[in-house]
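Data block below; observations after.
The values are calculated or read from the model by the stated rules, or taken from the named source; none is laboratory data. All values derive from a computational prediction rather than experimental measurement. Here the Cβ positions follow ideal geometry from the backbone for every residue, glycine too, while neighbour counts run over all protein chains shown.
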Amino acid sequence: MDQASSLRILVADDDPVSSRVLARALTNHGYDSKVVQDGIAAWEAVSTGSYQILITDWMMPGLEGPEICRRIRNSELPFCYIIVLTAKSAKEDKMNAIRAGADDFLTKPLNEADLVVRLLAGGRLVRLNRELQRINAVLAAQRAELATVNNRLIVQQEELNITLKRLEEASRIADISRNRFSQLFEGLPLPCFTVGTDGLVYEWNEEAATRFGVPPHLAIGRRPAELLGNDLLGDDAVRCIEAAAQGMAFAQGDWNDGDQYFLAGGYPLFGSSGQVTGAILSLVDVTAQRQAEAKLEEQLRTINELYEKLQSANQRLASIASLDGLTGIPNHRTLLERLTAVAEVFEQGGEPFVLALADVDHFKKFNDEFGHLAGDEVLKQVAETLSNATRGSDFVARYGGEEFAVILRNATMDRAHPLAERLRAAVEALPPKYRQVTISVGLAEFDSETGTTTELIRRADAALYAAKNAGRNCVRAWTPELGTQQGKAA
Amino acid sequence: MYVDWGFLQEITDADASFQVELVQEFCGQAEMLGERIKDAIEAKDADALQRAAHSLKGSAASVGAIYLCEAAANLDESARRADFDGAGERVGALLDSLNATLNEMRAWTKRAA
């Protein structure tokens, strides 16, 4: 009786007699049942959803049978098999009951066999309904799952569409860009080619074809060394290609075949995952530049040679000149020649003469203070002053440095002294441009006792030294006491 | 014989104590409905009359009180039509039938006890 025991039956009948009979019959057949006496209690019990079969009277206080049927059918309650109990057998009433939602009828007085048959039929329907509900629930769950999966698919489809569109756009741009780069590569005014990691040429632009006389279809797939010739493609260039093809960020090499010079630049090419796939090489023709550099070097060398020649010529010129380059008056060499000549004249009974050595006072200090150009200026001024302040027969020369010599001819010491004093005064009277310039003067007379011009110069020098010692800006004549010891005082 | 005792025997599976219980239940119910019917006639309440007659018909049918059942059915029909003239005649027959049935049942109950 498990079919029966799995069902709970509610009996709604206000007639205690017939409900007792019914309840007893249900219990006897193993059904679990409950009896209520009116329609309201019946609806309250049924609406808990815990009764699978309702056996209800037609007329009851509170709610009548058809109304309970209607309420159950209009509710969301699980399936309930409704049997209407009625004493009536009128067809019209039965139609009303069916319309209200009843499933079957039992006529009073109760026939137990009829009851059992109807309960079996009702139980089967309840079980079928339960199964149907279970299947429905499973179907609903599956439908929900399908909807979820479908939604996910729709989302994925949309994402895929977006990705696809982006890819198409990227591919379009990549096509354009590839096309542009290939045009750029082809149109570059530089010989340009690429090599793979296998060292073979993959691309070879028009300029390379023109410059090296090898069309692309003959160049591609061969080694650059075969195409360019080993004499052109030296070790440096081979290293450049290899370095670039091994991924060095930048490689540069120089090569030439004697007539043409190229500067090679190599850049590695990378694949999509960053691996090195080869290198692109470009060659810049630097022949004109190299030739210009060589020409310039040649010209520089010529200029250097000319300069050296000029230097030695100048030296030679200076050595054979008689005038001092700076002051324009006779130089040291001319002075010595003149002294020798004048001395010879004196030896042969000619006139006496005095040698005056004049030295600019504090000249080194002046140079240090005002510079050598100012010093040169002073020397020129002194030379000019001395020349102007002497007689026509006298001879003024630059002895060296800031020292001048004057040969006072046809003069003994007492005649020479005022002449020398005049020279000193003339210099002292010069308008001072930087500072007042003075000279110290030493005098020595050449006589039979003097002997040589060298001795004469020594004596004049000693006298000059004495003038310096005497406080400068003065004239001193040589006396035997001075001797010929050398002493220097600027 | 106002009661079909065979029917009662059948529906109770010859369970004597249930029969007694059922008969006593019926007697109480029938007396109460008889009073309601009288009140309804007096008050000329067709609806109350019909309800009471209908209930009595069902209860009578359940215990096999065949004549009472028939009388109640007749009254039920009259009340449904609000036919108080017919109902007055039928109420007399019903009350007679009710008294006879109750008497028979009480006698039976005494015997059974």
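Every listed requirement among (1) modelled with pLDDT of 90 or more; (2) closer than 30 Å to B:Gly6 by Cα; (3) over 9 Å from the mean Cα position of the chain (by Cα) is met by B:Glu77 save one, (1). Scanning region A:202-231 for residues that are in a helix (DSSP H, G or I) and hydroxyl-bearing (Ser, Thr, Tyr) yields a count of 1.
Go through (1) over 25 Å from A:Arg20 (Cβ atoms); (2) within 12 Å of chain A (Cβ to nearest Cβ); (3) of a type in the set (Phe, Trp, Tyr) for B:Phe84 and report which single condition fails. Failing condition for B:Phe84: (2). With respect to the stated conditions, B:Arg90 is over 24 Å from A:Gln37 (Cβ atoms), surrounded by 21 or more Cβ atoms within 10 Å (Cβ to Cβ) and more than 14 Å from chain A (Cβ to nearest Cβ). On inspection, A:Ala42 passes the criterion of being among the small types (Gly, Ala, Ser), outside any loop (DSSP other than H, G, I, E, B), more than 60 Å from the chain's Cα centre (by Cα) and away from every other protein chain (no Cβ under 14 Å). No other residue among A:Pro216, A:Pro191 is in contact with a strand residue (DSSP E or B) (Cβ under 6 Å, 6 or more places away or on another chain), surrounded by 12 or more Cβ atoms within 10 Å (Cβ to Cβ) and in contact (Cβ under 8 Å) with a residue 24 or more places away in the chain apart from A:Pro191. Applying the condition of being buried (at least 19 other Cβ atoms within 10 Å of the Cβ) and either among the basic types (Lys, Arg) or within 14 Å of chain B (Cβ to nearest Cβ) (or both) to region A:25-34 and asking which residue is nearest to B:Asp13 (Cα to Cα) yields A:Ala25. The requirement of being part of a helix (DSSP H, G or I), within 12 Å of chain A (Cβ to nearest Cβ), touching a Cys at 6+ places or on another chain (Cβ under 8 Å) and closer than 22 Å to B:Asp13 by Cα is fulfilled somewhere in region B:56-63, by at least one residue. When you look at A:Glu369, is it surrounded by fewer than 17 Cβ atoms within 10 Å (Cβ to Cβ) and assigned to a helix (DSSP H, G or I), yes or no? So A:Glu369 fits the description; yes. Going residue by residue through region B:27-47, is there one that turns out to be buried (at least 24 other Cβ atoms within 10 Å of the Cβ), at the interface with another protein chain (Cβ under 8 Å from one of its Cβ atoms) and not charged (D, E, K, R)? No, region B:27-47 contains no residue that is buried (at least 24 other Cβ atoms within 10 Å of the Cβ), at the interface with another protein chain (Cβ under 8 Å from one of its Cβ atoms) and not charged (D, E, K, R). Being touching a strand residue (DSSP E or B) at 6+ places or on another chain (Cβ under 9 Å), within 14 Å of chain B (Cβ to nearest Cβ) and under 24 Å from B:Gln29 (Cβ atoms) is a property that A:Ile55 has. Give region A:60-99 a look and list any residue that's within 14 Å of chain B (Cβ to nearest Cβ) and either assigned to a strand (DSSP E or B) or without any contact (Cβ under 8 Å) to a residue 24 or more places away in the chain (or both), or say none. Of everything in region A:60-99, those that are within 14 Å of chain B (Cβ to nearest Cβ) and either assigned to a strand (DSSP E or B) or without any contact (Cβ under 8 Å) to a residue 24 or more places away in the chain (or both) turn out to be A:Val84, A:Leu85, A:Thr86, A:Ser89, A:Ala90, A:Glu92. In region A:236-248, the residues that are buried (at least 17 other Cβ atoms within 10 Å of the Cβ) reach residues that are at pLDDT 70 or above and in a helix (DSSP H, G or I) with C-beta atoms within less than 7 angstrom, at least six apart or across chains, in these pairs: A:Val238/A:Ala225; A:Ile241/A:Pro224.
Looking across A:Leu7, A:Leu77, one residue alone is surrounded by fewer than 18 Cβ atoms within 10 Å (Cβ to Cβ), touching a Gly at 6+ places or on another chain (Cβ under 7 Å) and on the phi < 0 side of the Ramachandran plot. It is A:Leu77. Can we say B:Glu89 is farther than 18 Å from A:Val21 by Cβ, among the acidic types (Asp, Glu), part of a helix (DSSP H, G or I) and modelled with pLDDT under 90? Yes; evaluated as a whole, the condition is true for this residue. A Cβ distance below 8 Å, combined with a sequence gap of six or more or placement on separate chains, defines the contacts here; from region B:101-112, residues that are assigned to a helix (DSSP H, G or I) reach residues that are polar (S, T, N, Q) in the pairs B:Thr109/B:Gln24; B:Ala112/B:Gln19.
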